[in-house]
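Worksheet: the structure to be examined is printed underneath.
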Amino acid sequence: MLIAPAAIGNFLPMAVLWPGKAPVTIRAPLRNWFGRRHLTATGIGLVAVMLVAWVAFEMTLNATILDTREQAQRRLALFERTLEAIIERFHYLPVAISQARETRMALTDPDDPAAVEAANGFLSKLNETAGAGEIFLMEDNGAVVAASNWWTLTSLVGTNYSFRPYFADAMRFGQAEYYAFGISTSVPGYFLSQRVDGPDGPLGVAVTKINLGEIEAAWWRSGELIGIVDLNDVVILSTRPDWRYRPLQTIPRSRVEAISSQLRYGENGVDNAGIITDRWFSRGAEFALLSGTNPETSGYFVLQELRLPKHGWELLSFTPLAPLYGVAWTAAAAAGLGAAALLLIVVLLVQRQRIVAQRLADHERLEQRVAERTEDLHIANEALREEIAERIRAEKAEREAQHGLVQAAKMASLGQALAGVAHEVSQPVAALTTHLASAKLIASRRDDADVTTILSTMDKVVDRLAALTGHLKTFARKETRVEMRADLATVIANALDLVDHKLRAFGVDVEYRRPGPLMVTGNPVHLEQVLINLIANAADAMEHSAVRVLSIGVARAATTVEIAVSDTGSGIPASELSNLFDPFYSTKQAGRGLGLGLSISYGLIRDIGGAITVDSRPGKGSTFTVRLPLAVQSTPIRETTA
């Protein structure tokens, strides 16, 4: 049976073709069933998409409003701290002025021109340093007797401000704070006042006026819509100049007249054109409708307020609501499109389910046959890999054994050479010791102290050379050791003394603080040999450095002590640290070393139960740390050889 469309571009009606018979058409019942099912699914899908978009809109709008409130709260807290910092910066001025000698003299005798002139000069000079708006003195009757702007056209001297609350409150309570519009200067400000007390009662009031235009300019630069409202619900500071001295909402006329009589907002008083038309709470936030023709300051806004109880003010922030709705609509559209795309994907997946299932079944059968055929190949490959790995390990072991034999041969040759050198040098050293003894005897007879000192120093060097040749002889034959003790401070001092010529030649500065008596286990000569090698290596590492500082530190633990030798050289690459203590391995240029110093030092320290570690930072220098066991008091101090 074959099924073919009866008309192009339309799935229904369908024609059923039987071989050898006329086609039979499937009519309306099947077509209607498919149509109703399709429409129902489409309707459910549209409802689901709209529901997802609505939920996304609500969640996004609520989240953006909450985030806006939190951001506004943080900004208001920052602005509040800025405001308090500006006011607090001048809080000391009224108190300082009230205690000044010039202030008291001018208030005690306001008719004395010299006292008034001295007070004017004092206030002017003080304000040049403090940077306040104005500083002035008021007599007990409210008249200004001296001011920092006494020389200007807007001088406050001679003006009576007894009607100002900051004067009356200061006279009554000792100090006061007040915001008002300047009558003489036409500049608003925040007034800090302090009563000046005399032996017989109050002499007057010291006042500092703070110009808050600085903080208003800073708010304006931030781009925020911000305002401060005082106790009368009147805006006194704002990023919008047209909001200044306007109430948040229109207030009764009787109250406007009472407020204007205070002259707090200048001669024009309050402009009773309310800024906010309506305000309400919704979605966990407060909203406001602002009137006006300016699109930036009209419309719907999220209102956030922060109370300033110290001043009786409220700090308000207005955030436009339109961008928040735009974000919510964008999220709703994205969620709706995503839901529609998801539904479309589900439909396509359902339609392709049977085809995919059939293809998966065919694929599984094919994979099974391939797996069966490749299993044998996999086993053969594993066996081949094992054989290759075994051969690589054998070749590596062979190379390491050859390398070890070569190094052993080098060490044997070096031991023979050292034995010969020690034998040949020992006799001249003995002769040199005898000649030095004779020279010291002659010098003592002649009572030549300078020559005696030089010969003593040479004698120490010869003793050191004799000890080294003795140890070179010991290096060539079997040695039976008994633990020895050494004073660590003496060992370090001897090592520094022996390499002092090299350090001076390279211009190396030494940072070292000699510790107290500290006995460690070990042969003193061996320990000196190790430290000499480390110090010499450090000097070589700093040969071309701009800063050459050698640091030697000693740190004691419970049973051990650590000596840290640090340099400011170029450091050692991390790839070379693992081979640093191997024989004949050197990071120096050819001809500068054999690569045996660190290897021998490592062996000497290991033989006495200690350890050597290295920490290097390329470009900053290296630190070699030698850890030695502390000596037990009962340990015999000797070394025997067989």
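The values are calculated or read from the model by the stated rules, or taken from the named source; none is laboratory data. All values derive from a computational prediction rather than experimental measurement. Here Cβ is always computed from backbone atoms with ideal geometry, including for glycine, and neighbour counts include all displayed protein chains. Heavy atoms of the whole protein, side chains included, go into the accessibility calculation; ligands, DNA and RNA do not. Shrake-Rupley method; radii C 1.70, N 1.55, O 1.52, S 1.80 Å.
A few notes on this one:
- Remark: relative contact order (the chain) = 8 percent; criterion is Cα-Cα distance under 8 angstrom and separation of 6 or more residues.
- Sequence-distant contacts, meaning Cα pairs under 8 Å at least 6 residues apart, place the relative contact order of the range 485-629 at 24 percent.
- The helix-based estimate of mean residue ellipticity at 222 nm for the chain, built from -39,500 (n - 2.57) per DSSP H run of four or more residues and divided by its residue count, is -17500 deg cm²/dmol to the nearest 500.
- Each part gets one Cα centre, and for the range 281-303 versus the range 323-395 those centres are 53 Å apart.
- Per residue, the chain exposes 59 Å² of accessible surface when a 1.4 Å probe is rolled over the protein heavy atoms with every protein chain present.
- Share antiparallel - DSSP beta bridges, the range 485-629, percent rounded to 5: 85 percent
- Kirkwood radius and radius of gyration were both taken over the C-alpha atoms of the chain, and their ratio Rg/Rh is 1.29.
- Restricting attention to the chain, the count of lysine pairs at 8 or more positions apart or across chains with alpha carbons under 24 Å apart stands at 12.
- Relative frequency of Cα-Cα separations exceeding 20 Å in the range 225-335, percent: 45 percent
- Loop-resident chymotrypsin sites (Phe, Trp or Tyr not before Pro) (DSSP state other than H, G, I, E or B) in the range 101-174 with no more than 14 further Cβ atoms inside 10 Å of their Cβ: W151, F163.
- Translational D in µm²/s for the range 97-248 (Stokes-Einstein at 37 °C, 0.692 mPa s, Kirkwood Rh from C-alpha pairs): 202 µm²/s
- In the range 497-568, trypsin sites (Lys or Arg not before Pro) in a DSSP loop with at most 11 other beta-carbon atoms within 10 Å: R513
- With every protein chain in place, the range 293-361: carbon and sulfur % of accessible area (1.4 Å): 69 percent
- By the Stokes-Einstein formula, at 1.002 mPa s and 20 °C, the range 485-629 with its Kirkwood radius over alpha-carbon pairs has D equal to 140 µm²/s.
- Protein accessible area in the range 485-629, 1.4 Å probe - carbon and sulfur %: 50 percent
- For the range 183-280, the fraction of 1.4 Å probe accessible surface lying on carbon and sulfur atoms is 47 percent.
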